[in-house]
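Since every read-out is calculated from the coordinates, none of them should be taken as a lab result. Predicted model only: the values in this text are computed from it and were never measured. Note: ideal-geometry Cβ built from the backbone for every residue, glycine included; neighbour counts use all protein chains shown.
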């Protein structure tokens, strides 16, 4: 499942307008003893539809909220997602 969180527009260093849409991905993780939600992130650049997705990053709602805030506030695009998440982890 995906939940749209935000859309942000910005201008890149070359002066081109860019628009990014941020999605929270939610997967159900099940074991014999319990089930929980596992959260990830997908970023789509409009209108080209370039995207990057990193599912299953955390089961913590607070942690994924922190990451989504970081990504949206800094207008991180699909190309930068993996580097930002690597530093965040």
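Working ranking of peptides 12-21, 36-45, 68-77, 54-63 by packing, defined as the average number of other Cβ atoms within 10 Å per residue, highest first, is 36-45, 68-77, 54-63, 12-21.
If I take R0 = 30 Å and measure r between the Cβ atoms of residue 10 and residue 59 in this structure, what FRET efficiency does the formula 1/(1 + (r/R0)^6) give, to the nearest 0.05? Plugging the Cβ-Cβ distance into 1/(1 + (r/R0)^6) gives 0.45. Mean residue ellipticity at 222 nm, helices only, the chain: -7000 deg cm²/dmol; runs of at least 4 DSSP H residues each add -39,500 (n - 2.57), and the sum is divided by the number of residues. Calculated translational diffusion coefficient of the chain (4 °C, 1.567 mPa s; Stokes-Einstein with Kirkwood radius over alpha-carbon pairs) equals 95 µm²/s. Can you tell me the 0 to 90 degree angle between the C-alpha axis of helix 61-73 and the longest principal axis of the chain, rounded to 10? Once rounded, the angle reads 0 degrees. Placing a label point 7 Å from the Cα of residue 46 along the Cα-to-Cβ direction, the residues of region 2-18 with a backbone N closer than 12 Å are 5-10, 18.
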